[in-house]
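In what follows, a structure is listed as structure tokens, so that the remarks can point back to it.
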Amino acid sequence: MRYLTSFNTDLLEIIECDVLIVGSGIAGLFTALNIDDSLKVCLISKTDLKTNNSYLAQGGIAVTFNKKDFQGHIDDTLKAGAFYNDLTAVRILVEEGRKNVEKLIEYGVDFDKIDGEISFTREGGHLERRIIHKKDYTGKEIIEKLIQVVEQRDNIHCYEDTFLVDVLTCDNSVDGAIAVINDKECLIKTNHAVLATGGVGRLFLNSTNSSISTGDGIAAAYRAGAVIEDMEFVQFHPTPFHSNGEAFLISEAVRGEGGILRNDSGEAFMGKYHSLKDLAPRDIVSRSILKEQQLQGNKNIYLDVTHFEEGYFEKRFPSIFSYCISQNVDPRKEWIPVNPSAHYLMGGIKTDLFGRTNIEGLYSCGEAARTGVQGANRLASNSLSEGLVFGNRVANVINESKKNDGNYVSVINEESSELVTEYKKDIVILKTIMDETANILRTRKKLSSAKDRIRTLEKKYEDVYSYKKEFLEFKNMIIVASLIIDMALKRKKSLGSHYLENDDE
Ligand SMILES: Cc1cc2nc3c(=O)[nH]c(=O)nc-3n(C[C@H](O)[C@H](O)[C@H](O)COP(=O)(O)OP(=O)(O)OC[C@H]3O[C@@H](n4cnc5c(N)ncnc54)[C@H](O)[C@@H]3O)c2cc1C
């Protein structure tokens, strides 16, 4: 399927710009701010500007200020990524991190300091303290400040509640995009489109992600012919707190500051599984939790911070503290129940080191992109830095490129809304399939059965068209779910976050 909807470009309202940026997370906003102010930028976001994964980031940004630690940061990133990373991309991430963080500070972003100097914390997989943060609401601090600066820029026009449907191409080059604003389709004329649309966590029932994470940008890029890679690598965060169907993240920085995982009998079990204990890479901690749960007859696993110095937890992690209290768990006295959940996608739209895809004028950065930085498993807090470093690189390339004109083709599909009322229950079915099969411990048998079940859903809705955002998301989710399952089936041996319980099955 090339296009998700039906459209006649002659009848659509037109928005013209030099650069279209899809996404108002760290990658989209930072790219927009680095585009030359002589270029007209149109930045669209499918809900409000603040609803995204970046806003939810707690732990911080992994950045090396001291050149002596460059190699250490590179080594830790490669180790977490199961050495599947692109070494040049990792080197760029580490070497260009500081200058981009300094730009953030110029934009007014504030990080915690001790005696006037930025303070660094640790998270899983890092052998050094190299994570800068604002208490436990680093993402909120960044996004709020970036939005303030974006709103002051005359060349950047933000469109909220605007859904990217498809990227239009002609001769393998970007011609524009179709978007839905207030249930009405419009044509965005541009020759440069940046997909900073984030991840896919909401393909799973249990996820830490914001509601926007349904892989729309990846699906649109795929339909336009962009190369998509490494979708089998989905990271599950070990320690979200589950309540009322939502998974609230308990940041890894809590373990970085001394939090200890315990089983129901109180045993600090991580030493049995890895020499870094509670600070082992995420995939290992998540699998260890599942194994420990199985050994214990599915009893809860907990995070213990009761030994923290009096007053420290609530001061350092105020949001996590108030969430726990709202759930009637006082972390100063009680262990916090935790359960792994889908958290981050390492794969995505394949780009070069400047965020360029195989389609001229189409770029991607942030979680939607597969730059090669994250390998088969992301090192904690490397994603905010990836959004900054590669967002800046995308902007630099666009600043140097030329404009050309569009050539629009209309696509009229047969409208059908018969099944449009039924899709909501199929969203839950799709998420359940993903939870049961593309999870932390996979088997080829379950993945194969998922492939057939997803194909059935795909066929059912093949010729159904509607402009409802939720339905468009659902159709994208089907595409992205198939990409994950197909790529997982192709990778026959365990690697990083793709873990097969029985490789030979
Ligand atoms: C709870 C949580 C905590 C985290 N903590 C950290 C941390 O401490 N450090 C770290 O490095 N990483 C952390 N991460 C990961 C990190 O936050 C994300 O990987 C990163 O913020 C992704 O940024 P992004 O700009 O690529 O995407 P996002 O911030 O998710 O933004 C995506 C944007 O795309 C828009 N969009 C999507 N589809 C469409 C569409 N069809 N049309 C229009 N717009 C669309 C959305 O509206 C949104 O504005 C955390 C993630 C979560 C969920």
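The values are calculated or read from the model by the stated rules, or taken from the named source; none is laboratory data. Everything quoted here is computed from the prediction, not taken from an experiment. Here the Cβ positions follow ideal geometry from the backbone for every residue, glycine too, while neighbour counts run over all protein chains shown. These accessible areas exclude ligands, DNA and RNA; they are computed on the full protein's heavy atoms, side chains included. Shrake-Rupley method; radii C 1.70, N 1.55, O 1.52, S 1.80 Å.
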Residue tally, condition open to solvent by 60 Å² or more (accessible area, probe 1.4 Å) and either hydroxyl-bearing (Ser, Thr, Tyr) or more than 6 Å from the ligand (Cβ to nearest atom) (or both), over segment 36-61: 6
Filtered residues of segment 134-148 (kept if more than 9 Å from the ligand (Cβ to nearest atom), touching a Lys or Arg at 6+ places or on another chain (Cβ under 9 Å) and either closer than 26 Å to Asp278 by Cα or modelled with pLDDT under 95 (or both)): Lys134, Lys135
message: Within segment 272-283, does at least one residue satisfy the condition of being in contact with a Ser or Thr (Cβ under 7 Å, 6 or more places away or on another chain), crowded, with 18+ Cβ neighbours inside 10 Å and among the aliphatic types (A, V, I, L, M)?
response: no
- prompt: Would you pick out the residues in segment 157-185 that are within 14 Å of the ligand (Cβ to nearest atom) and either open to solvent by less than 30 Å² (accessible area, probe 1.4 Å) or within 24 Å of Asp352 (Cα to Cα) (or both)?
  reply: Thr162, Phe163, Leu164, Val165, Asp166, Val167, Ala177, Ile178, Ala179, Val180, Glu185
- request: Within segment 186-196, work out how many residues are farther than 17 Å from Phe354 by Cα, surrounded by 24 or more Cβ atoms within 10 Å (Cβ to Cβ) and within 13 Å of the ligand (Cβ to nearest atom).
  value: 1
- line: Result of the Cβ filter at 7 Å on segment 109-133, keeping first residues that are within 13 Å of the ligand (Cβ to nearest atom) and partners that are of a type in the set (Lys, Arg) and open to solvent by less than 10 Å² (accessible area, probe 1.4 Å), at least 6 apart or interchain, is Gly124/Arg255
field: Test set (1) touching a helix residue (DSSP H, G or I) at 6+ places or on another chain (Cβ under 9 Å); (2) at pLDDT 95 or above; (3) part of a loop (DSSP other than H, G, I, E, B) - Gly97 fails condition number
entry: (3)
statement: Those residues of segment 132-154 which are assigned to a loop (DSSP other than H, G, I, E, B), under 28 Å from Asp37 (Cβ atoms) and in contact with a helix residue (DSSP H, G or I) (Cβ under 6 Å, 6 or more places away or on another chain) amount to Lys134
statement: Of Asp175, Asp183, Asp161, Asp166, the only residue that is out of contact with any strand residue (DSSP E or B) (no Cβ under 8 Å at 6 or more places or on another chain) and assigned by TED's automatic domain parsing to the domain that holds Gly366 is Asp183
- request: Sort out which residues of segment 357-371 are assigned to a helix (DSSP H, G or I) and either more than 15 Å from the ligand (Cβ to nearest atom) or open to solvent by 10 Å² or more (accessible area, probe 1.4 Å) (or both), and write them in order of number.
  value: Glu367
